[in-house]
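Read-outs: derived from the displayed coordinates by stated rules, not from any lab. Remember, it's a predicted structure, so these values are computed and weren't measured experimentally. Here the Cβ positions follow ideal geometry from the backbone for every residue, glycine too, while neighbour counts run over all protein chains shown.
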């Protein structure tokens, strides 16, 4: 019975990942094939060729994205995009939704900011418990000024759905910066912590020098009178 159980688990380890992969790929292909409905019925590949070829929707979607990017990258395209955005900015409800969506897309899809480029640990939901989080912003303006210290805005994802979570403002001195890549952290969150990325320093036996010194090793610097705020 023990050997049969081993064979059964081994078979599941082969077929479950394969089945999930096939299901997700098929879902993506079928979803993207719906973009073919944009074309007039007489010009759709099914009508022209006489049979259906899965995946042509992906080709159409990628072609539309590339063409849009080429047009928006030149002078005339930028003028049209600015005109389109200025029109949307005049519509009350659409203005708020479009501005938020555009800001989010610029943060996630471009490399112009430090957002979602760093994985961190913070003590959450209480002291002594740690949660993975992603840095979203460091320039916090009024918030940083009113708190009186350097603050980092982080996103703590929920598991197994990392698209939801909470936004927390944490003092920079209270965060632990990890060597973990964003993709590795997302895998860990989605897998409920089962998939733990390998830390190269731990595998090589190299001591970790990135952490702050312990209380016993911290140099003692007694405060003097000039260090205290004057009335």
Principal axes first, then extents: for the Cα atoms of the stretch 2-109, list largest minus smallest coordinate on each axis, whole Å, largest first.
69, 40, 27
Fully extended, how many nm does the chain gain between residue 52 and residue 167 (0.36 nm per residue separation, minus their Cα-Cα distance)?
36.8 nm
With 10 angstrom as the radius, rank 120, 32 by how many other C-beta atoms surround their C-beta, starting from the fewest.
32, 120
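Once you have the Cα-Cα distance between residue 98 and residue 9, take 0.36 nm times their residue separation minus that, and quote the gain in nm to one decimal.
Separation in residues times 0.36 nm, less the Cα-Cα distance, equals 27.2 nm.
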